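*Asks:* Dropping the structure in here first, questions after.
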Amino acid sequence: MNGHFAAVGNGPSAQQYEHGIQVIDEDKSFNTHLNEYMIETRVAEAGFNYHLISVFGSQSTGKSTLLNALFGTEFSVMSESERRQTTKGIWMSKNKKEGANSGGSKMAENILVMDVEGTDGRERGEDQDFERKSALFALATSEVLIVNIWEHQVGLYQGANMGLLKTVFEVNLQIFLKDRQSQTRSLLFFVIRDHIGTTPLSNLRNTLVQDLTKIWSSISKPQGLENSKIDDYFDFAFAALPHKILQPDKFIAEVERLGTRFTTGHRSTKDQEFVGGVFLPEYHRRIPADGLSIYAEGVWDQIVNNKDLDLPTQQELLAQFRCDEILREVLVPFDTIIGPLEEQQAEATRSGKTSVLPDLGTTGAATREKCVKAFETQASRYHKGVYTVKRTELETKIDARLKALYQGQLSAAHKAGVTAFSEAVTHSVKAGQKAGGSYEFAEIVEKQKRKTLDIFKKEAQSLSIPGVAWSNFKPQYRLFETELNEVSARLRKEEMRRLAIRVERWVKSRLGDAIGLEFNKLGSGRGGTGAPEMGEKPPTEKDLWDRVWNAFIGIVKDAETRFGDRAKSFDATPDEVQIGLWRLRRKSWVALRERIDEEVMESNILMKLRENFEDKFRYDEEGVPRIWRPTDDIEGIYTRARESTLGLIPLLSRFRLMETYAPPDLPGFVGVQPTGAEPEDEEDLAPIGGVDEEEGKSLEEEMTVLSESKRQDLVVRFKKMADGVYVEAKRSAIGGITQVPLYFYVILLVLGWNEIVMILRNPMLFVLILLMGGGTYVAYTLNLLGPMMQMGGAAYQQALEIGKEKLREFVANNDMARQAIAMPTRGSDPIGLDTLDSQGKKKQRPVDDDDDI
Ligand SMILES: Nc1nc2c(ncn2[C@@H]2O[C@H](COP(=O)(O)OP(=O)(O)OP(=O)(O)O)[C@@H](O)[C@H]2O)c(=O)[nH]1
């Protein structure tokens, strides 16, 4: 407010208002600069702490002189010689003797004095219009009306003053009619000038009171006020001043004394007499100083346009005007603080960010309070009704903005809270997983929820303004709590999904092992224990599906226990657990089917069948590998083994239990879909046979492991493969022994008959044969045949070597002899043999013609 005043106050200069301000000029125009003067003199900021005095009296009776002397004002005064009107219209000036000690007591603060154009002036002639209007104006605004009269005028009823007073009384009644509720009274302060002192003041006062009463009774009173008395509306005060020119010192002294009476006062509760100065609260017109100019303008406007002066309406109008003005003014600092925050929030919203403004609650509440307080301080001085309405208007205005800002803040806090909560939970879960997987999900959620709720609560509480209903954010808090619960449920669901995935993975791995094991048993055609009766299936083949189903049930039950236990620690509802288990059973079945499909993949199953067949074909009942002999019933064994293995194919192609020869009760195992199961619970699930036959596969289809075409294909391929094995066996049986035909032996017997008879008839040979046979038998029984053969072999070798040597020697000797014989005749080798030289080397006998014998 001060700023506002200062801003306006920069306009007019102090010098400009040296003589005060002409509120109404001689042409009855109101001076709209009055407020500037009020601001300049700093009265505008005084609220009700100001006083307005008007002075009336005939022209040139020294009114201006009195005011100047009394209040230090500088109203222009007529020069002693001219004697013509100086004050035109109505002038106003602030008391310049404020704070000055006069006679021991200080004058009241902010006294504004109005110097009203003198009545009875020759300049206006008979025109009493202005006189009446200015009286009305002064009465509507002033607390004290100084009536300036000369002593010799007292008692002169026909004097101009009495006419003026009559006017004053009349207009007062006029005002009162419109403002009956008003308790305002006025003080008529008679200042008797040029008091010689011969007639005491008390006498003059009596005379004046009598005159006034007379005037009062003479005026025509409106209906209902006929019996009203002058005392009902006016108080009277009197003062006498000596002649200014003749007794200047005395005049000054008296004026000084008179000045002491312009202080605040009150009425004694005992005798209703004045105590203190002339400014009684009941005289005050209750127009706040900052609204005085507007009010005065409105009043003057009504007066000058000859309308009925309606002060309450004027006050209401003023209140409306001023309250609006004040409202705008107090919104300026509000705007300065709140505006940027609104902009910041709008910017964040535009860019899709969540921005929680720091300390918004404190700033908002403080700004709101400051704003409302400022309005209250200034506007509450005005018409109560208007003020209340305008205050509500202001509160609605600022609250609408604050509310939008707060809502934005809360929604940002809400969003930020939800995000922070989800992130914190996810983070803690991840940390738990990293640390080894042991974490309590429910505990994490609960802890983070508390934390997030606390933060939101603090924010919400900081935004709550005591006594302001809309700022109660309990509903928002509850909303936030509900959302957090929903987010918790969602996170729990995700966690359950993760758990489900983990359990499913576990199921898959267990199924992989267990089912692989069962199918591997197929590779052993003898079924482990005991020999199968040929063509009959060993137990491991017949109850394959029973074992698969039982293993599956066992694993799933195990998984269900794991899932159930862990899910309970998440604080999951029984319904959620049921959905999870139902889902687990369905997924487990799918996993089992996948695993089975993998096992019966062409290459895999063909290998299993081959192993099964080979096991039956290549091994005997004791599990010893067969070495095929031509005498073996290879075809028979082959056919039985093949038929037995081929019999596996229909068994494998349908999932049937041995006892009932029917598929297992899969729908019964999986169970009915729980009511709470949402679509997304199913999205990744293939429909299970028998559960929803319309959309999914039928139970029969679900239980079909090998389709008819696959089956036939498998049979063909298996047969080819088995045939290959058979041919190989057959070949090995034939290729092992060289066959000597029987007839060969017959021929041998027929052709060698003579030799056999010859040996049998010759006793020597017979005995020799017997001895050789006996020896061989003994050697055989003593297991000496091998060593003997070896020795024999070695001896034979040795003999061979020796024989060769001997033969060489013999040949060498023979040569030498021949050479010796021939030497005396034609040589010394008489027998004609090759001779050996001194080195023993064989020499060639020379060719002799005589050698031709
Ligand atoms: N006899 C007498 N003359 C005075 C007194 N005070 C002032 N005067 C003279 O009266 C004349 C008029 O004085 P103003 O103060 O101008 O009178 P006014 O009533 O303000 O006159 P307007 O403003 O024209 O109505 C001046 O010449 C003063 O010197 C007084 O106490 N007694």
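The values are calculated or read from the model by the stated rules, or taken from the named source; none is laboratory data. Predicted model only: the values in this text are computed from it and were never measured. Positions of Cβ are backbone-derived with ideal geometry, glycine not excepted, and every protein chain shown enters the neighbour counts. Please note that ligands, DNA and RNA were not included when accessible areas were found on the heavy atoms of the full protein model with its side chains. Shrake-Rupley method; radii C 1.70, N 1.55, O 1.52, S 1.80 Å.
*Asks:* Name every residue in the stretch 173-199 that is within 16 Å of the ligand (Cβ to nearest atom) and open to solvent by 40 Å² or more (accessible area, probe 1.4 Å), in order of residue number.
*Replies:* Scanning the stretch 173-199 gives Asp194, Ile196, Gly197.
*Asks:* Show me the helices (runs of 4 or more DSSP H) entirely contained within the stretch 620-670 in which 3 or more residues are surrounded by fewer than 16 Cβ atoms within 10 Å (Cβ to Cβ) and over 60 Å from the mean Cα position of the chain (by Cα). Spell out the reasoning first.
*Replies:* Values: elements: 634-646, 648-653, 666-670.
So the answer is 634-646.
*Asks:* Still on this model: Sort out which residues of the stretch 381-390 are open to solvent by 30 Å² or more (accessible area, probe 1.4 Å) and out of contact with any Asp or Glu (no Cβ under 7 Å at 6 or more places or on another chain), and write them in order of number. Even if it seems obvious, please write down each step before you answer.
*Replies:* Applying the first criterion (open to solvent by 30 Å² or more (accessible area, probe 1.4 Å)) to the stretch 381-390 yields 381, 383-385, 388-389.
Within the stretch 381-390, Arg381, Lys384, Gly385, Thr388, Val389 qualify.
*Asks:* Here is a follow-up. Is there a residue in the stretch 202-225 that is in the same structural domain as Arg132 (by TED's automatic domain parsing), exposed (fewer than 13 other Cβ atoms within 10 Å of the Cβ) and within 16 Å of the ligand (Cβ to nearest atom)?
*Replies:* No; the residues of the stretch 202-225 include none that is in the same structural domain as Arg132 (by TED's automatic domain parsing), exposed (fewer than 13 other Cβ atoms within 10 Å of the Cβ) and within 16 Å of the ligand (Cβ to nearest atom).
*Asks:* When you look at Leu164, is it within 16 Å of the ligand (Cβ to nearest atom), open to solvent by less than 30 Å² (accessible area, probe 1.4 Å), assigned by TED's automatic domain parsing to the domain that holds Leu280 and in contact with a strand residue (DSSP E or B) (Cβ under 7 Å, 6 or more places away or on another chain), yes or no? Steps first, please.
*Replies:* On the way: within 16 Å of the ligand (Cβ to nearest atom): yes; open to solvent by less than 30 Å² (accessible area, probe 1.4 Å): yes; assigned by TED's automatic domain parsing to the domain that holds Leu280: yes; in contact with a strand residue (DSSP E or B) (Cβ under 7 Å, 6 or more places away or on another chain): yes.
Yes.
*Asks:* While we're looking at this one, here's another question. Which of the residues spanning the stretch 493-516 are of a type outside the set (Val, Ile, Thr) and without any contact (Cβ under 8 Å) to a residue 24 or more places away in the chain? Talk me through it step by step, then tell me what you get.
*Replies:* Step one: of the stretch 493-516, the residues of a type outside the set (Val, Ile, Thr) are 493-500, 502, 504-506, 508-514, 516.
Selection gives Glu494, Arg497, Arg498, Arg502, Arg505, Ser509, Asp513.
*Asks:* Six or more apart or on different chains, Cβ under 7 Å: which pairs go from a residue in the stretch 352-370 that's exposed (fewer than 12 other Cβ atoms within 10 Å of the Cβ) to one that's in a helix (DSSP H, G or I)? Could you list them?
*Replies:* As it stands, the answer is Thr362/Ser462, since those pairs meet every condition given.
*Asks:* When you look at Asp513, is it surrounded by fewer than 15 Cβ atoms within 10 Å (Cβ to Cβ) and either modelled with pLDDT of 75 or more or on the phi > 0 side of the Ramachandran plot (or both), yes or no? Can you show your working first?
*Replies:* Values: surrounded by fewer than 15 Cβ atoms within 10 Å (Cβ to Cβ): yes; either modelled with pLDDT of 75 or more or on the phi > 0 side of the Ramachandran plot (or both): yes.
Here the answer is yes, as Asp513 does meet what is asked.
*Asks:* Test Tyr382 against the criterion of being among the aromatic types (Phe, Trp, Tyr) and part of a helix (DSSP H, G or I), and give yes or no.
*Replies:* Details: among the aromatic types (Phe, Trp, Tyr): yes; part of a helix (DSSP H, G or I): no.
So Tyr382 does not fit the description; no.
*Asks:* Sticking with this structure for a sec: Take the stretch 775-799 and flag every residue that is at pLDDT 85 or above and loosely packed, with under 10 Cβ neighbours inside 10 Å.
*Replies:* If the condition is that a residue be at pLDDT 85 or above and loosely packed, with under 10 Cβ neighbours inside 10 Å, then Thr781 is the only one that fits.
*Asks:* Going by what's in this entry, would Glu536 be described as among the acidic types (Asp, Glu) and at pLDDT below 75? Let's see the steps before the verdict.
*Replies:* Working: among the acidic types (Asp, Glu): yes; at pLDDT below 75: yes.
Spelling it out, Glu536 is indeed among the acidic types (Asp, Glu) and at pLDDT below 75.
*Asks:* Turning to a different aspect of this structure: Go through (1) under 13 Å from Ser93 (Cα atoms); (2) within 16 Å of the ligand (Cβ to nearest atom); (3) in a loop (DSSP other than H, G, I, E, B) and name the single condition Glu26 misses.
*Replies:* For Glu26, the failing item is (1).
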